[in-house]
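Participant: The structure's right below; bear with me while I get my questions together.
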Amino acid sequence: MRSDIFFLVWLIVGAIVFAAAATLGNDYYFFAGYVVLQYVVLSTAWNILGGYCGYVNFGSAAFFALGAYSTVAIHRLDPMPIPVLVAIGGLASGVVGFAMGYLTLRLRGAFFAIATLALAVVLQTLVVNWDYVGGSRGAYIVRPEAIAPFGSYIKYLFFIMMLLAVGAITVARMIERSRLGYGFATIRDDELAAEASGVPTLRLKLIATTISGAIMGMAGAPFPYYIGFLQPSSAFSLDYAVNSIAMPLIGGTTSWAGPLVGALLLGSLQQVATVTISSAVNLLIVGLLLVGFVIVAPNGIVGLVRRYIQHKPLGQIGRRRVNADAPGAAP
């Protein structure tokens, strides 16, 4: 399927989901759906670097918060439409992603992961001491009650995040099926062999960090309008770093569909748990599912389905082996 047709199909799916939520007559579904779609964007962005290239990034919350605080900074200066803020947040996070990659991508394995975690700590320290965006006190963002033609403002935010989710999925699929994606795969499989074969590994990794950081920043840009009051503890929350890693691992990291499946599964479970039990159990759910899938399906849900499709059930294989060993059976 061509990328433009793929994008159009997912737009239609998104329109159906939006219409179905609107018919329920309860804005809570848009509040909960916004969070799930936000995790779809974050996990897809993380997978571009962590899944396609094999570089584990613990700094997802830093890029997300950078997009959010770029919105706060511009809102203080001159309020702009959210699509413009999304573009600015993506640009700021993409630049920081490129800079981070240039400084840290010569590290590998656990050393790179620790460096990305340090980036989140440094950015949070800077934000806490930056009074213009509220500092440690936080910042209020007063949003309109309604906006035409959506009615309530949360429907508009849901629509924006839905477009971002469709765009992120389409970009990930395009990368996966392009020469760029094949280059990423060589880095993931054997970076030393790729370098010896002439693959420009550093350039490819810089592209991956830039794209991944930009998409995460775009996901964070509408967040101040969603939450209303932004403070460092909410923007740099551990939930974003943990979920953006766990969702692709549970769904599958080698395909664009893996982060989507993992985000829909985990995000929906967390929203149900928030309403029925408490939001405090969200990370517990993530931990239990992550341990379970590492044991049962180390390649994620998508990998498990692919393995089932590619191989016949064990019962059929056993019958074939018995028939083949039977006297007079054809060789």
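Participant: Pick from region 192-238 the residues that are modelled with pLDDT of 90 or more and charged (D, E, K, R): which of them is surrounded by the fewest Cβ atoms within 10 Å (Cβ to Cβ)?
Facilitator: That would be Arg203.
Participant: Right, next: Please verify whether Tyr69 is at pLDDT 90 or above and of a type in the set (Phe, Trp, Tyr), treating the condition exactly as stated.
Facilitator: Numbers: at pLDDT 90 or above: yes; of a type in the set (Phe, Trp, Tyr): yes.
Judged against the criteria, Tyr69 is a match.
Participant: Shifting gears a bit: What number goes with the only condition from (1) among the acidic types (Asp, Glu); (2) under 30 Å from Gly228 (Cα atoms); (3) at pLDDT 85 or above that Glu145 does not pass?
Facilitator: The one condition Glu145 does not meet is (3).
Participant: Quick check on my filter: what residues within region 268-301 are among the polar types (S, T, N, Q), in contact (Cβ under 8 Å) with a residue 40 or more places away in the chain and either in contact with a Pro (Cβ under 8 Å, 6 or more places away or on another chain) or not in a helix (DSSP H, G or I) (or both)?
Facilitator: Scanning region 268-301 gives a single hit, Asn299.
Participant: Here's a follow-up. Among the residues of region 108-158, which ones are under 23 Å from the mean Cα position of the chain (by Cα) and outside any helix (DSSP H, G or I)?
Facilitator: Arg108, Gly109 - these are the residues of region 108-158 that are under 23 Å from the mean Cα position of the chain (by Cα) and outside any helix (DSSP H, G or I).
Participant: Could you run through region 16-59 and say how many residues are in a helix (DSSP H, G or I) and either closer than 15 Å to Ala172 by Cα or in contact (Cβ under 8 Å) with a residue 12 or more places away in the chain (or both)?
Facilitator: 25
Participant: If a residue must be loosely packed, with under 15 Cβ neighbours inside 10 Å and either touching a His at 6+ places or on another chain (Cβ under 8 Å) or farther than 17 Å from Trp256 by Cβ (or both), how many such residues does region 171-191 contain?
Facilitator: 2
Participant: Filter region 77-99 down to residues that are under 16 Å from Phe223 (Cβ atoms) and either part of a helix (DSSP H, G or I) or under 17 Å from the mean Cα position of the chain (by Cα) (or both), then give me how many there are.
Facilitator: Of the residues in that region, 11 qualify.
Participant: What number of residues within region 84-120 satisfy the criterion of being on the phi > 0 side of the Ramachandran plot and among the hydroxyl-bearing types (Ser, Thr, Tyr)?
Facilitator: Of the residues in region 84-120, 0 are on the phi > 0 side of the Ramachandran plot and among the hydroxyl-bearing types (Ser, Thr, Tyr).
Participant: Within region 239-267, can you find the residues that are assigned to a loop (DSSP other than H, G, I, E, B), hydroxyl-bearing (Ser, Thr, Tyr) and crowded, with 22+ Cβ neighbours inside 10 Å?
Facilitator: Residues satisfying the conditions are Thr253, Ser255.
Participant: List every residue pair whose Cβ atoms sit under 9 Å apart, with the two residues 6 or more apart in sequence or on different chains, where the first one lies in region 170-190 and is closer than 17 Å to Ile215 by Cα and modelled with pLDDT under 90 and the second, anywhere, is surrounded by fewer than 20 Cβ atoms within 10 Å (Cβ to Cβ) and β-branched (Val, Ile, Thr).
Facilitator: Glu176/Thr254
Participant: Of the numbered conditions (1) surrounded by fewer than 18 Cβ atoms within 10 Å (Cβ to Cβ); (2) in a helix (DSSP H, G or I), Phe63 fails exactly one; give the number of that condition.
Facilitator: The number of the failed condition is (1).
The values are calculated or read from the model by the stated rules, or taken from the named source; none is laboratory data. These numbers were taken from a predicted model, which means no experiment stands behind them. Neighbour counts run over all protein chains shown; Cβ positions are idealised from the backbone, glycine included.
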